[in-house]
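In what follows, a single structure is set out as C-alpha cells and then discussed.
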Amino acid sequence: MAKARVRAAFSRGAAAYDGSTAVQALVRARVEALAAKAAPRARTLLDVGAGTGRLLADLLAARPGLRCVAVDLAPGMCAATRRAAPASLVAAADAEELPFADAGFDLVVSSSTFQWLPRLEPALLECARVLRPGGRLVVALFAERTLRELREAWSAAAGAAAPDRLHRFFTRGEVATAFDRAGFHSVQLEEAVHVERHADPADLLRALKRIGAQGATPRPGGLGGRRVLLDALGRYRSAHPGPNGVPATWHVVYAVASR
Amino acid sequence: MPLSPELREILACPKCKGALDFHEEVGEIHCLRCRLAYRIDDGIPVMLIDEARPLP
C-alpha cells in the first residue's frame, strides 16, 4: 500500500478508529502489559504509529513520570494523539525514517501499525537505532491469518490465476527473521487469534473503511472487478450461515526484543 | 501553538539524523545539510522527507 494512501486513509479514519474494533483494545492492553514487564524502569518511550493515542494515554496513566514521544505517518492521527495524551511530544514521521538521533529511548512500542509496511526490516532497524543499548522494543502487528475468511472468499470468486488484490500480512516466521536481521536479541514472540462477528461481509468492509484500513479490503480493478467483489461477498456470507453474522479473524503477533 | 522546548531538543532530520534549525515564525524546520524544509502544521512538525520543501 502506497504511503501517501495510508496517510490519507488514516487521517480520515482518525475520528472513527476507537469505537470501531474491540480487537484494537485487546491488543492495546496486551502491549501495555508486555511493555510494563519488559521495561518497568523505562524513563523515555517512543510510540511508532501512535494512532489515536489511546495506548500512549494508558501508558502515561500507569506511569505518569514517563517521557513519551509519539509519531504517526498521518497528520490527522498526530492531532488525535495530542488530544488523547497532551503530555506527550508528537510529530508526523515515517517508521522507516525516524526524526531522532541514535540511542535516545529506553523503550519503543508499536501497536497495530507495522502490518501495513511493505517490509518490516527497515522500520525495525530504525527502532534499533533510536533505542539505547539494552533498550526494549514491544511490537504488536496483524499477521498472516488476519481476515482469512475474506481472503478465502475472494480467492474462490476470483479464481486461482487471478491477481491477489488483498493485502498480504506477514507470517510469524517473517516477523522472527526480520527481528533477527535488524540485530535484536532475546526476541520473544507470542500469538493471539480474535474472531469478531459482523452482521454481514459488507458491514465488515464498512468497518475496515471506517478505521482507514481499506488497504486490507479487495481493490476491485480492471474489467469485472466489481462483479468479482460481489461474488466474493456472496461466498463469504454463504460460507458462514447462521443467525450470528459472519466471522472476521484477527491474528496478532506480539514481539518483545532487546537492542 | 509553539513547539515545546523538549520536542525541539529531541527532533533530528529524518534523512541525515543531524541537528535542525527551527524557524517557527515561518512555520518551518530546516536541515541545512540536506537542504530541506519541514513544515509545522498546527504545532505538529511534519518530518516527512517526501513532503519537505527543497531549500534553494
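Read-outs throughout are calculated quantities, based only on the coordinates presented, and are distinct from any laboratory measurement. From a predicted model like this one, the values you see are computed outputs, not experimental measurements. Cβ placement follows ideal geometry from the backbone for every residue including glycine, while neighbour counts extend to all protein chains displayed.
Which of the peptides A:113-121, A:171-179, B:2-10 is most tightly packed, and how do the rest follow, going by the mean number of other Cβ atoms within 10 Å of each residue?
Averaged packing, sorted descending, gives the order A:113-121, A:171-179, B:2-10.
Check which residues have an amide H placed less than 5 Å from A:Ala70's amide H, if you skip close sequence neighbours.
Counting only residues 5 or more places away or on other chains, the set is A:Asp47, A:Leu89, A:Val90, A:Ala91.
Between A:Leu125 and A:Ala62, what's the calculated FRET efficiency when r is the beta-carbon distance and R0 is 45 Å? Round to 0.05.
0.95
After finding the eigenvalues of the alpha carbon gyration tensor for the protein assembly as shown, what semi-axes result from the square roots of 5 times each, listed largest first in whole Å?
35, 22, 18
How high is the relative contact order of chain B? Use alpha-carbon pairs under 8 Å, at least six apart in sequence, and give a whole percent.
26
I need the shape label for region A:29-118. Rule: rounded when a/c is under 1.5, else prolate if a/b > b/c, else oblate, with a, b, c from the alpha carbon gyration tensor.
Judged from the Cα gyration tensor, region A:29-118 comes out rounded (a/c under 1.5).
Taking neighbour counts of Cβ atoms within 10 Å as a proxy for exposure, in what order, fewest first, do A:His185, B:His23, A:His240 appear?
A:His185, B:His23, A:His240
What average number of partner chain Cβ atoms lie no more than 10 Å from the Cβ of the residues making up B:11-18?
5
Quickly estimate the mean residue ellipticity at 222 nm for chain A, helices only: each DSSP H run with n ≥ 4 gives -39500 (n - 2.57), and the total goes over all residues, rounded to 500.
Dividing the helical sum by the residues of chain A leaves -12500 deg cm²/dmol.
With +1 on each Lys and Arg Cβ and -1 on each Asp and Glu Cβ, and nothing else charged, work out how big the dipole of the protein assembly as shown is about its Cα centre, in Debye to the nearest 20.
Roughly 460 debye, rounded to the nearest 20.
Can you give me the Cα centroid spacing of region A:240-256 and region A:151-200 in angstrom?
Taking the Cα centre of region A:151-200 as reference, the centre of region A:240-256 is 13 Å away.
Which value, in Å to one decimal place, does the Kirkwood hydrodynamic radius take for region A:105-259 when every pair of different Cα atoms is included?
With all distinct Cα pairs of region A:105-259 included, I get 16.9 Å.
What is chain A's relative contact order, in percent, from Cα pairs under 8 angstrom and six or more apart in sequence?
Worked out over chain A, it gives 24 percent.
Just for the Cα atoms in region B:5-54, what are the lengths along the principal axes, largest first, rounded to whole Å?
Largest to smallest, the principal-axis extents are 22, 19, 15 Å.
Amide H neighbours of A:Ala101 under 5 Å, at least 5 residues apart or on other chains, H built in the peptide plane: list them.
Amide H neighbours of A:Ala101, under 5 Å, 5+ apart: B:Ala12.
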